[in-house]
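Have a look at the structure below, then the notes.
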Amino acid sequence: MATRFKYENDFLVGGPATGSVTPSFQLREYARPDGRVHIHRELVGSVQVLRDAIGMPLKIASVLPVDGMGQGLDGRFVWVSCAKPEVLFKSASRLAQEGHFQRVEQAGTLIYLEMPDPAALPAVRPELAIANALRVTAAFETSGDPFQQVTGNFDGAGLSFGPLQVNLKTGTLQELFKRFAVRDEAALKASFGALWPEWQAMLKLPSLAKQVAWADALSRGGRKTDFDPAWKAALQAVGRVPAFYTETLQYAYDVYGRKLIAALSWLHGLNPIRIDNVRCLAALYDLCVQQGSLDKARDAIRARVEKEKPADQFQLTRIAVEERGKTALPPWRADCVSRRLCILDREPVPVTLNGKSAERVNPQLYLLRNAPVSRIEQYLL
């Protein structure tokens, strides 16, 4: 059973004290001296983003006003600290430029963080929105750094790699590594080291089946979920190359971003409600990654839209992801719908379909800001 937290107007106000509200923080860390909790969920998410950025422990020092700072902004500010205050201040200032904070002040070893007006959060850049959507989708399938994921032949795909889990069976892994080679073949070769000749030989095998068989022989564990340690280390070295991180994001946009644009275009033609919120776009992106498109559910979506007349983008997106999820293979329908609604609502949503129940959780939901994506209008025409 997923951990439940209580929200009022998007302010976190209750739940289990030791429950993890984001990967690095428990609810009790945001409590006041009297035990009361009242902190905006967008600020909680931004503090976790800051923790990720500095790569070191971050402490919630206080949620009370000091010297006028925070006065009258109940739940919209926090005082934090870490071992390197200057690093913390610089990272927070950079995140302020992305709209996470509207005020960052240093007072000795403490850093004051104040979020923007919750009713008018700054728009998110498209590049950041797709990167965050990618991480959220990856978190349903893998744990840890998605760019370090290497999976063996447990599912017949041979070898799967990275946040998109590109694999040998579909040819997507081969395609992505061709793009890596074009971007920086020297860095790619250096990542593989002595394994480079064999990697090149594998890519030249005459069929996908032979490439999958190569990976099967290197898969490890009872279910073959793991991979040979030397090869795993080489692939993870690839995942740490900044240029390949950038290329992976570009690949995600080229393949799934374009499918998302097609889905947005069709929905806009069906109902001119503007879909530009990060949460809606991330839910539809996840659908495109897992199910490809809305095509199989167009008639059902159209019928519900005509009947229910959705009032906003969240209702329209919900109809789309629910109806497309219902067209998956029967054992996976509940899972498909639950994970999309988990993204849309930013919390676990239990779903039962065809006798199967699912309640998907995702530790990366804090990345999904309740904000619009900038320049989305070019995709809505």
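The values are calculated or read from the model by the stated rules, or taken from the named source; none is laboratory data. It should be emphasised that the depicted structure is a prediction, and the values quoted were computed from it without experimental measurement. Quick reminder, even Gly has a Cβ in these numbers, built from the backbone with ideal geometry, and neighbours come from all protein chains shown. The accessibility values were calculated without ligands, DNA or RNA, using every heavy atom of the protein model including side chains. Shrake-Rupley method; radii C 1.70, N 1.55, O 1.52, S 1.80 Å.
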Within region 242-270, how many residues turn out to be open to solvent by 30 Å² or more (accessible area, probe 1.4 Å) and within 23 Å of the chain's Cα centre (by Cα)? 14
Of all helices (runs of 4 or more DSSP H) completely enclosed by region 272-381, which ones contain at least 2 residues that are open to solvent by 60 Å² or more (accessible area, probe 1.4 Å)? 298-308, 313-325
If you go through region 229-241 one residue at a time, how many are within 12 Å of Leu188 (Cβ to Cβ) and surrounded by 18 or more Cβ atoms within 10 Å (Cβ to Cβ)? 5
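For (1) open to solvent by 50 Å² or more (accessible area, probe 1.4 Å); (2) outside any loop (DSSP other than H, G, I, E, B); (3) under 24 Å from Ile111 (Cα atoms), each residue gets a yes or a no:
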residue: Arg4; (1), (2), (3): yes, no, no
residue: Tyr7; (1), (2), (3): yes, yes, no
residue: Leu12; (1), (2), (3): no, yes, yes
residue: Thr18; (1), (2), (3): yes, no, no
residue: Glu29; (1), (2), (3): yes, yes, yes
residue: Pro33; (1), (2), (3): yes, no, yes
residue: Arg36; (1), (2), (3): yes, no, yes
residue: Val44; (1), (2), (3): no, yes, yes
residue: Val49; (1), (2), (3): no, yes, yes
Criterion (within 20 Å of the chain's Cα centre (by Cα) and touching a residue at least 24 places away in the same chain (Cβ under 8 Å)) met by exactly one of Val361, Val349, Val337: Val361
Exclusive hit being touching a Pro at 6+ places or on another chain (Cβ under 8 Å) and aliphatic (A, V, I, L, M), set Leu27, Leu12, Leu43: Leu27
Is it the case, given these coordinates, that Glu127 is surrounded by fewer than 19 Cβ atoms within 10 Å (Cβ to Cβ), under 18 Å from the mean Cα position of the chain (by Cα) and over 30 Å from Phe101 (Cα atoms)? no
Please pick out the residue among Leu43, Leu12, Leu58, Leu50 that is at pLDDT 95 or above and in contact with an Asp or Glu (Cβ under 9 Å, 6 or more places away or on another chain). Leu43
Take the residues in region 142-164 that are in a loop (DSSP other than H, G, I, E, B) and within 14 Å of the chain's Cα centre (by Cα); name whichever of them is nearest to Lys232 (Cα to Cα). Gly162
Does region 20-30 contain any residue that is more than 19 Å from Leu368 (Cβ to Cβ) and β-branched (Val, Ile, Thr)? no
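How about region 51-102: which of its residues are among the hydrophobic types (A, V, I, L, M, F, W, C) and in a helix (DSSP H, G or I)?
Ala53, Ile54, Val87, Leu88, Phe89, Ala92, Leu95, Ala96
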